[in-house]
Each structure stands twice: as C-alpha cells, then as structure tokens.
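Pasting a structure below so you can have a look.
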Amino acid sequence: MKNAMLPVITISRQLGSGGAYVGQHLAKKLDIFYGDRVIINKVAKQLSLLEEDVESRDEKILSFWDSFLEFSAFAPDPYFPPRIITSDLELFEAESRVIERIAKERSAVIIGRCGFHILCEYQNHISIFLHGDVAFRNARIQKLYKVSDEVAGKMIDKSDKERARYCNKFTGKDWTDARNYDLSIDTSKIGVDRAVEEILDYLESVHQP
C-alpha cells in the first residue's frame with residue numbers, strides 16, 4: 001500500500017484492550033505518524049499548561065467538586081504566579097484542533113480523544129474500536145502496571161465510566177456503539193497481534209483500486 005493512499009486511522013479503546021500496542025504496531029508497519037503523547041504535548045503548549053496537568057485530565061470530565069477543589073487550590077498567592085485553570089471544553093477544543101491539524105498534514109494513527117467523531121467528515125478517515133471482556137483486560141492491566149486483580153478491576157471500571165461520560169458530553173454519542181466505527185474488534189477473542197493484521201487486511205480491502 002502506497003503512503004499517499006494511507007488514511008488517518010483513529011483508535012478508540014477500552015482500557016486493557018490493547019489500544020496503544022495496536023496503534024504503535026500499526027503505525028510502525030504502515031510507516032506513518034503515531035499520535036498519542038504528542039497530542040498532550042501540543043495542547044499543553046497551546047494552553048500554557050504543564051503536560052502532567054493535561055494528562056491528568058485527558059478524556060475525563062471534572063466533577064463539580066473536582067472543579068471547585070482545583071480552583072480553590074490555586075487561589076491567588078503573593079508568592080506564586082496564578083495558575084491558568086482551563087475548562088473541560090477548552091481542553092477538548094484544543095485537542096480537537098491538534099487532531100484536525102495532524103489529519104490535514106499527514107497519514108497517522110491517532111489514539112482516543114473522540115477522534116472518531118472529530119474526523120467523521122474527513123474522507124480519508126478510518127475509525128476503529130477495540131474492546132474486550134473484563135477478564136482479558138484485567139489480566140493485561142495487571143501485567144502492564146504490576147497491580148493486583150482488585151486494583152486492575154477498579155482501574156477498568158473507572159476508565160470505562162470516565163471515557164463514556166467524556167464522549168457523551170462532547171459528541172452526544174455512546175462510546176461503545178459499534179455503529180460509530182468502520183471496524184470494531186474484540187481483542188479478547190483474537191488477541192492484539194491478530195488485531196493489527198485484521199486492521200491491515202481491512203485497509204487493503206477498502207483501498208483496492
């Protein structure tokens with residue numbers, strides 16, 4: 001497949017389903033740009049924030065009390081410059097601008113952040129959703145983060161709820177609805193390596209002359 005023919009691929013994923021692994025291997029095999037951490041970096045620069053602050057709120061919605069505590073914690077202090085507080089909407093719009101710019105400039109694999117919705121009008125866009133049963137995802141999280149079964153379960157539950165809430169707020173869509181995507185893959189059934197091959201096969205089929 002020629003690079004000029006390659007699309008921008010967005011990967012939405014449940015925690016533990018292998019989104020980063022599949023995305024990185026896909027980008028490497030296709031020799032195209034991989035967009036994940038770089039989005040955080042560019043948004044932080046745009047909004048004059050620390051990368052860790054952007055990362056801590058990535059694909060999350062601040063609750064009322066979270067917002068209150070964040071604003072209260074950084075009230076004016078004569079010894080420290082005021083910290084810029086950014087709303088959820090401002091973060092989403094900044095990430096959207098970065099994702100759109102990447103899509104305009106190059107072929108790429110972009111991870112999460114409602115990319116499937118942001119680029120839905122782009123002709124050269126392929127959207128993918130990776131999911132899996134909880135046992136499979138739990139085992140991967142335990143191995144990746146060196147945590148217990150209980151901790152992994154809590155991480156998965158929290159992430160699923162946060163991503164669903166974030167997606168619904170900014171797109172009005174159900175994050176797990178397969179109708180939002182060109183291709184939906186259960187990695188607990190076929191594994192993450194086979195998922196990469198399935199996506200490559202799909203790309204070949206939709207780019208046949």
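The values are calculated or read from the model by the stated rules, or taken from the named source; none is laboratory data. Computed from a predicted structure; not experimentally measured. Glycine also receives a Cβ, built like all others from the backbone with ideal geometry; neighbour counts cover every protein chain displayed.
Within the range 114-139, work out how many residues are hydrophobic (A, V, I, L, M, F, W, C) and in contact with a Cys (Cβ under 8 Å, 6 or more places away or on another chain).
Counting residues in the range 114-139 that are hydrophobic (A, V, I, L, M, F, W, C) and in contact with a Cys (Cβ under 8 Å, 6 or more places away or on another chain) gives 1.
Helices (runs of 4 or more DSSP H) wholly in the range 117-196 with at least 1 residues that are farther than 22 Å from residue 99 by Cα, in contact with a strand residue (DSSP E or B) (Cβ under 6 Å, 6 or more places away or on another chain) and not hydrophobic (A, V, I, L, M, F, W, C) - which ones?
Qualifying helices (runs of 4 or more DSSP H): 187-190.
Are any residues in the range 176-197 touching a Leu at 6+ places or on another chain (Cβ under 9 Å), closer than 17 Å to residue 126 by Cα and surrounded by 17 or more Cβ atoms within 10 Å (Cβ to Cβ), and if so, which ones?
Of everything in the range 176-197, those that are touching a Leu at 6+ places or on another chain (Cβ under 9 Å), closer than 17 Å to residue 126 by Cα and surrounded by 17 or more Cβ atoms within 10 Å (Cβ to Cβ) turn out to be 185, 195, 196.
Can you name every residue in the range 1-20 that is at pLDDT below 95 and buried (at least 16 other Cβ atoms within 10 Å of the Cβ)?
Hits for the range 1-20 are 6, 7.
Scanning the range 44-63 for residues that are more than 20 Å from residue 118 (Cα to Cα) and not acidic (Asp, Glu), which turns out nearest to the chain's Cα centre (by Cα)?
56
Could you tell me whether the range 76-83 includes any residue that is among the aromatic types (Phe, Trp, Tyr) and at pLDDT below 95?
yes
How many residues are crowded, with 17+ Cβ neighbours inside 10 Å and either of a type in the set (Gly, Ala, Ser) or free of Cβ contacts under 8 Å to residues at least 60 places away in the same chain (or both) when one looks only at the range 21-45?
Within the range 21-45, residues that are crowded, with 17+ Cβ neighbours inside 10 Å and either of a type in the set (Gly, Ala, Ser) or free of Cβ contacts under 8 Å to residues at least 60 places away in the same chain (or both) number 7.
Still on this structure: Contact list please: Cβ distance under 6 Å, first residue in the range 147-163 and in contact (Cβ under 8 Å) with a residue 40 or more places away in the chain, second residue crowded, with 18+ Cβ neighbours inside 10 Å and assigned to a helix (DSSP H, G or I), pairs at least six apart or on different chains.
The qualifying pairs are 152/138; 152/141; 152/142; 155/141; 156/137.
Still on this structure: Based on what the data block shows, is residue 187 of a type outside the set (A, V, I, L, M), within 15 Å of the chain's Cα centre (by Cα) and within 26 Å of residue 95 (Cβ to Cβ)?
No, not satisfied.
On to the next question. Could you go through the range 95-111 and let me know if any residue there is modelled with pLDDT of 95 or more and in contact with an Asp or Glu (Cβ under 6 Å, 6 or more places away or on another chain).
Yes; the residues of the range 95-111 include at least one that is modelled with pLDDT of 95 or more and in contact with an Asp or Glu (Cβ under 6 Å, 6 or more places away or on another chain).
Does residue 173 satisfy the criteria of being more than 18 Å from residue 23 (Cα to Cα), touching a residue at least 24 places away in the same chain (Cβ under 8 Å) and surrounded by 14 or more Cβ atoms within 10 Å (Cβ to Cβ)?
It is true that residue 173 is more than 18 Å from residue 23 (Cα to Cα), touching a residue at least 24 places away in the same chain (Cβ under 8 Å) and surrounded by 14 or more Cβ atoms within 10 Å (Cβ to Cβ).
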